[in-house]
Amino acid sequence: MFNLLMTCLLLAAALGLSLRRFALPYLARRDIAEQSEPVTMVASAVFLAALALTVSDKDLWHASLTVAGGIVVALIFDQQRPRLAAVLSAACLLCYLALR
């Protein structure tokens with residue numbers, strides 16, 4: 001039970017911390033998106049990997065809770081330090097893979 005809870009929380013954190021950077025090229029002006037391309041690439045890779053692992057490894061109930069938790073994390077944390085958020089999201093994804 002503890003392992004399931006920790007993996008859901010780690011995936012939710014990885015999703016939430018990388019969601020805003022993943023959506024940046026689609027929602028922001030072009031010049032803002034071009035200034036932060038390396039961070040956006042890392043965050044996009046982490047977001048897509050975390051989303052794929054959420055859908056493939058969890059049943060429907062746990063996957064929906066994990067995605068909802070990721071959205072809540074994305075709404076709570078602002079992106080004042082995008083590099084730190086990208087590093088933390090990658091660390092959460094790596095911790096998830098280590099527990100898996």
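Details
- Å² of accessible area per residue within the chain, as computed with a 1.4 Å probe and no ligands counted: 63
- Value of [θ]222 nm, deg cm²/dmol, for the chain, DSSP H segments ≥ 4, -39500 (n - 2.57) each, nearest 500: -29500 deg cm²/dmol
- Assuming charge only on the beta carbon of Lys and Arg (+1) and of Asp and Glu (-1), the dipole of the chain about its Cα centre is about 100 debye to the nearest 20.
- Against the main long axis of the alpha-carbon atoms of the chain, helix 2-27 sits at an angle near 20°.
- Cα gyration tensor of the chain - equivalent ellipsoid semi-axes, whole Å, descending: 24, 13, 11
- Taking only protein heavy atoms and a 1.4 Å probe, the accessible area of the chain is 71% carbon and sulfur.
- Over the chain, Cα pairs under 8 Å with separation of 6+ residues give a relative contact order of 50 percent.
- Folded to 0 to 90 degrees: helix 60-76 orientation relative to the chain principal axis, Cα: 40
- Positive dipole terminus of the chain, leading residue within Ala85, Leu15, Leu27 (C-beta point charges): Ala85
The values are calculated or read from the model by the stated rules, or taken from the named source; none is laboratory data. Treat the numbers as computed from the prediction; the structure is a model and nothing was measured. No Cβ is skipped: glycine too gets one built from the backbone with ideal geometry, and neighbour counts run over all protein chains shown. Please note that ligands, DNA and RNA were not included when accessible areas were found on the heavy atoms of the full protein model with its side chains. Shrake-Rupley method; radii C 1.70, N 1.55, O 1.52, S 1.80 Å.
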